[in-house]
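Participant: Sharing a structure here in structure tokens format.
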Amino acid sequence: VRENEVAPTCTENGSYDSVVYCSVCDAEISRETVTVDALGHDFVNGECSRCDETLTSKFEDVPAGAFYFDPVEWAVEKGITTGATETTFNPNGDCQRAQVVTFLWRAAGSPEPTSTNNPFKDVKPTDFYYKAVLWAVEKGITNGLTADTFGPFELCNRAQVVTFLWRAMGSPASTADVAFTDVQPGQFYSTAVAWAVEKNITNGISATEFGVGGTCNRAQVVTFLYRAYQK
């Protein structure tokens with residue numbers, strides 16, 4: 001029989017008395033105090049699910065409880081991205097093509113492209129995204145906007161980002177049935193969207209729309225990456 005139970009908390013041990021009684025006269029035969037180890041914190045996006053403890057990001061614009069708290073911490077730890085400054089991440093900043101392919105390239109381990117052939121006049125060897133662009137084109141993740149321009153500073157929308165990520169993951173098949181009015185069969189992003197929804201990487205902006213043309217910000221892109229690579 002358990003008696004005098006004290007429940008463990010995140011930081012403190014619990015205990016209970018394990019008591020054996022005689023089945024005939026109910027006299028106590030033995031008593032032993034058993035220690036139950038502390039539970040430890042269970043942090044999800046910087047908030048413990050068991051107590052009121054929270055984590056603090058080095059970025060003042062990444063609060064505990066934000067959907068992107070864990071993704072940002074993961075992305076910085078893995079060297080996928082850094083903050084906009086020492087103290088800000090700029091989660092709402094729009095992501096450009098150069099940034100998205102660079103995030104993907106770093107998430108893949110920053111592999112060396114096998115070819116140094118660069119057809120793009122707007123991508124130079126001194127650019128931070130130079131190898132990322134060559135790798136992305138080489139792997140069929142994306143092409144240029146034209147034969148000789150990549151458009152590194154063009155903003156990326158949701159359809160493009162999930163398609164880049166889907167291709168980076170090997171263009172897996174998906175049998176998910178999505179009912180978004182803005183995702184028609186046969187579009188370049190159709191299977192990518194179905195895969196992203198099936199894998200819980202992202203959902204639509206509503207029950208009926210995916211928001212294919214909506215621009216992706218930094219918080220959303222690192223969250224997509226985190227959910228894809230943490231599976």
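The values are calculated or read from the model by the stated rules, or taken from the named source; none is laboratory data. Source: prediction; values computed, not measured. For neighbour counting, all protein chains shown are included, and Cβ atoms are generated from backbone atoms with ideal geometry for every residue, glycine included. Remember, those area values only see protein heavy atoms, side chains included, never the ligands or the DNA or RNA. Shrake-Rupley method; radii C 1.70, N 1.55, O 1.52, S 1.80 Å.
Participant: So what does log10 I(q)/I(0) come out to for region 88-225 at q = 0.11, 0.14, 0.22 Å⁻¹, using the Debye formula with one equal point on every Cα and no solvent?
Facilitator: Normalising to I(0) and taking log10 leaves -0.39, -0.63, -1.38.
Participant: What percentage of the solvent-accessible surface of region 56-200, computed with a 1.4 Å probe over protein heavy atoms, is contributed by carbon and sulfur atoms?
Facilitator: Looking at region 56-200 in its full context, I get 49 percent from C and S.
Participant: Once phi is turned into ³J(HN,Hα) by the Karplus curve 6.51 cos²θ - 1.76 cosθ + 1.60 with θ = phi - 60°, what whole-Hz value does each residue of region 132-144 show in order, with x for glycine and proline?
Facilitator: So the Karplus estimates, Gly and Pro as x, are 4, 5, 4, 5, 5, 5, 4, 8, x, 6, 7, 10, x Hz.
Participant: What does the net charge come to around GLU47 if you take all other residues with beta carbon closer than 11 Å to its beta carbon, with K and R at +1 and D and E at -1?
Facilitator: -3
Participant: Reachable lysines from LYS78, Cα under 30 Å, same-chain residues fewer than 8 places away excluded?
Facilitator: Straight-distance partners of LYS78: LYS58, LYS124, LYS131, LYS139, LYS199, LYS231.
Participant: For the chain, with a Gaussian network of springs between Cα atoms less than 10 Å apart, report the residue from LYS78, LYS121, LYS58 with the top mean-square fluctuation.
Facilitator: Looking only at LYS78, LYS121, LYS58, the biggest GNM fluctuation is shown by LYS121.
Participant: While we're here: Students often get this wrong, so try it: which of (i) 151; (ii) 193; (iii) 130 is volume of the Cα convex hull per residue in Å³ as calculated from the structure shown?
Facilitator: Given (i) 151; (ii) 193; (iii) 130, the calculated one carries the label (ii).
Participant: How big is D for region 25-135, in µm² s⁻¹ as a whole number, if Stokes-Einstein is applied with the Kirkwood radius of its Cα pairs at 10 °C and 1.306 mPa s?
Facilitator: It diffuses with D of about 89 µm²/s by this estimate.
Participant: Give the accessible surface of the chain per residue, rounded to a whole number of Å², with probe radius 1.4 Å and ligands, DNA and RNA excluded.
Facilitator: 54 Å²
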